[in-house]
1. Quick one: check the C-alpha center-to-center distance for region 92-120 versus region 27-45, whole angstrom.
2. Please compute the length gained on full extension between Arg12 and Ser147, using 0.36 nm multiplied by the number of residues separating them and subtracting their Cα-Cα distance.
3. What is the P(r) of region 63-174, as percent of Cα-Cα pairs per 5 Å bin from 0?
4. Using r as the Cβ-Cβ distance of Phe165 and Ser40, and R0 as 22 Å, what FRET efficiency do you calculate, to the nearest 0.05?
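All of the numbers you see were taken from the coordinates with simple rules; none came from a lab. Owing to the predicted nature of the structure, the values given are computational and were not obtained by experimental measurement. Using ideal geometry, Cβ is built from the backbone for each residue, glycine included, and neighbour counts are taken over all protein chains shown.
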Amino acid sequence: MSLKTIFNRTIRSIQQLEGKPLRDDLILYIGIVILVYCASFLMMIHEGGAAAGVVFLLPLTIVLAGGLLTGAVVLLGTSLIEHFFLLFVDVKKSFEMTMKTAVYTLAVVFPLVWAALLVSNSHLIVLPAIVFVILTFCGIRIFHSLSIDRAAFVSLATGAVLLCFSYRWLMGQW
């Protein structure tokens, strides 16, 4: 499958999501965050690092609460940074469309980052960053009806800022 075909399919998929209410998008995002954190918790139990000799439900509740808080902060932070750069290119659409872009981008990138951290290979963290920029570009282009150059600016600037914010956290893992 060619890169152009993948790109065109991604844009068509995002166009179909434009009419959905934000509530449905947030439920999808919360579900993905819960799945990622449950998988992390199960990996910790399998390795014997978490819940050894402790009731199973209490640590899971703590992990899920922390995961939902982290997911909410990442979503809001990403949306705010993205909307900040959208203001530079004179966007007239609402913050809701920016949040939609962030939801669908992070719904894909969140599991990719988790998988890259699980493998503990610093080169794999580049893949989620590239996917983030491409999906943000597509989302901004569709949801905000921007030109290619403006959408590219916003997606690259948002990706760069998020990479700067997360660099220490990500590189501290290795």
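1. If you average the Cα positions of each part, the centres end up 15 Å apart.
2. Working: separation 135, 0.36 × 135 = 48.60 nm, distance 1.66 nm.
This chain segment gains 46.9 nm when fully extended.
3. Each 5 Å bin holds this share of Cα pairs: 2, 12, 23, 25, 18, 11, 6, 2, 0.
4. Details: r = 21 Å, r/R0 = 0.95.
Efficiency for this residue pair is about 0.55.
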